[in-house]
Amino acid sequence: MHKFYNDLKEFILNQDQDTKGLLIPYYETLLQLESYSEMKELLNHYTCLDDVEFVESDNGWLIGTFEIHNNSLGIVYKIHLELGNMSGSYCECSPTDELYNTEHDCCGNGCDFYAPRISIIKESNVINHEFQGYERDLWVLEEKWMTEYEKELLHKKNVEKVNNLETQIEQLQKELELAKSEL
């Protein structure tokens, strides 16, 4: 088993009982993906447990997110833990049924439930670049922006003023024509 799964299992076992119960089905769902080629990339980039973070969600369909950071490669994998679609049919299990589980009041075979769904998103840092120059260089550039912005703003105001004056002239010409025709 890959180190990622061992570390994730340790992480889950160190959670409180409620969170542990919430995360175990998602762990098992992730484990089903171990041989997927898309998962192999994440596993190859995984380094250590310190890179894993779990963020709970208050969104009804999103339970939470595991974030796996690989800072040296500038990559973050986000594993969204979601409620899947309702599958199965209405539970009609009774205590006399084979495989009946008294704790869950169900046989758990063909009955309706929300299967855990995993969605993995890869975010990668395309460029990591800092401004080349000194702070005073930024001041000059910021001043240029403000000057260009002020010029553009003044131009827009002038265009609007011209449009308003042309509209007023047209209206006054119509009124003048009407007044002349009434003479």
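Could you please find all residues in the stretch 102-113 being within 30 Å of T65 (Cβ to Cβ) and open to solvent by less than 100 Å² (accessible area, probe 1.4 Å)?
Result: C106, G108, C111, D112.
Can you find a residue that is among the polar types (S, T, N, Q), open to solvent by less than 60 Å² (accessible area, probe 1.4 Å) and either in contact with an Asp or Glu (Cβ under 6 Å, 6 or more places away or on another chain) or not in a strand (DSSP E or B) (or both) anywhere in the stretch 67-80?
no
Hey, can you tell me all the residues within the stretch 132-145 that are open to solvent by less than 70 Å² (accessible area, probe 1.4 Å) and either of a type in the set (D, E, K, R) or at pLDDT below 90 (or both)?
D137 - this is the single residue of the stretch 132-145 that is open to solvent by less than 70 Å² (accessible area, probe 1.4 Å) and either of a type in the set (D, E, K, R) or at pLDDT below 90 (or both).
Could you tell me how many of the residues in the stretch 147-183 are of a type in the set (A, V, I, L, M, F, W, C) and loosely packed, with under 10 Cβ neighbours inside 10 Å?
Total meeting the criteria: 3.
Inside the stretch 9-66, can you point out the residues that are touching a His at 6+ places or on another chain (Cβ under 8 Å), of a type in the set (D, E, K, R) and either free of Cβ contacts under 8 Å to residues at least 24 places away in the same chain or closer than 23 Å to H104 by Cα (or both)?
D51, E53
Looking at the stretch 57-65, can you tell me whether even one residue there is open to solvent by less than 50 Å² (accessible area, probe 1.4 Å), assigned to a loop (DSSP other than H, G, I, E, B) and more than 29 Å from N128 (Cα to Cα)?
Yes.
Residues in the stretch 9-23: is at least one closer than 22 Å to E123 by Cα and either assigned to a loop (DSSP other than H, G, I, E, B) or of a type in the set (D, E, K, R) (or both)?
Looking through the stretch 9-23, none of the residues is closer than 22 Å to E123 by Cα and either assigned to a loop (DSSP other than H, G, I, E, B) or of a type in the set (D, E, K, R) (or both).
Does S87 fit the bill of being closer than 25 Å to T29 by Cβ, in contact (Cβ under 8 Å) with a residue 40 or more places away in the chain and small (G, A, S)?
No, not satisfied.
Taking the condition surrounded by 14 or more Cβ atoms within 10 Å (Cβ to Cβ) and polar (S, T, N, Q), does T47 pass?
yes
Please determine, by comparing only the residues of the stretch 97-143 that are hydrophobic (A, V, I, L, M, F, W, C) and part of a loop (DSSP other than H, G, I, E, B), which one is nearest to the chain's Cα centre (by Cα).
Checked the stretch 97-143; the qualifying residue nearest to the chain's Cα centre (by Cα) is V126.
Of the conditions (1) out of contact with any Asp or Glu (no Cβ under 9 Å at 6 or more places or on another chain); (2) surrounded by 12 or more Cβ atoms within 10 Å (Cβ to Cβ), G21 satisfies every one except a single condition; which number is it?
(2)
Could you go through the stretch 123-131 and let me know if any residue there is modelled with pLDDT under 85, of a type in the set (A, V, I, L, M), open to solvent by 100 Å² or more (accessible area, probe 1.4 Å) and within 30 Å of E38 (Cβ to Cβ).
Within the stretch 123-131 (the criterion being modelled with pLDDT under 85, of a type in the set (A, V, I, L, M), open to solvent by 100 Å² or more (accessible area, probe 1.4 Å) and within 30 Å of E38 (Cβ to Cβ)), the answer is yes, since at least one residue qualifies.
Going by the conditions given, is K3 open to solvent by 90 Å² or more (accessible area, probe 1.4 Å), among the charged types (D, E, K, R) and in contact (Cβ under 8 Å) with a residue 24 or more places away in the chain?
yes
The values are calculated or read from the model by the stated rules, or taken from the named source; none is laboratory data. Quantities reported herein were computed from a predicted structural model and do not represent experimental measurements. Reconstructed Cβ throughout: ideal geometry from the backbone, glycine too, with neighbour counts over all protein chains shown. Side chains included, ligands, DNA and RNA excluded: accessible areas come from the protein's heavy atoms. Shrake-Rupley method; radii C 1.70, N 1.55, O 1.52, S 1.80 Å.
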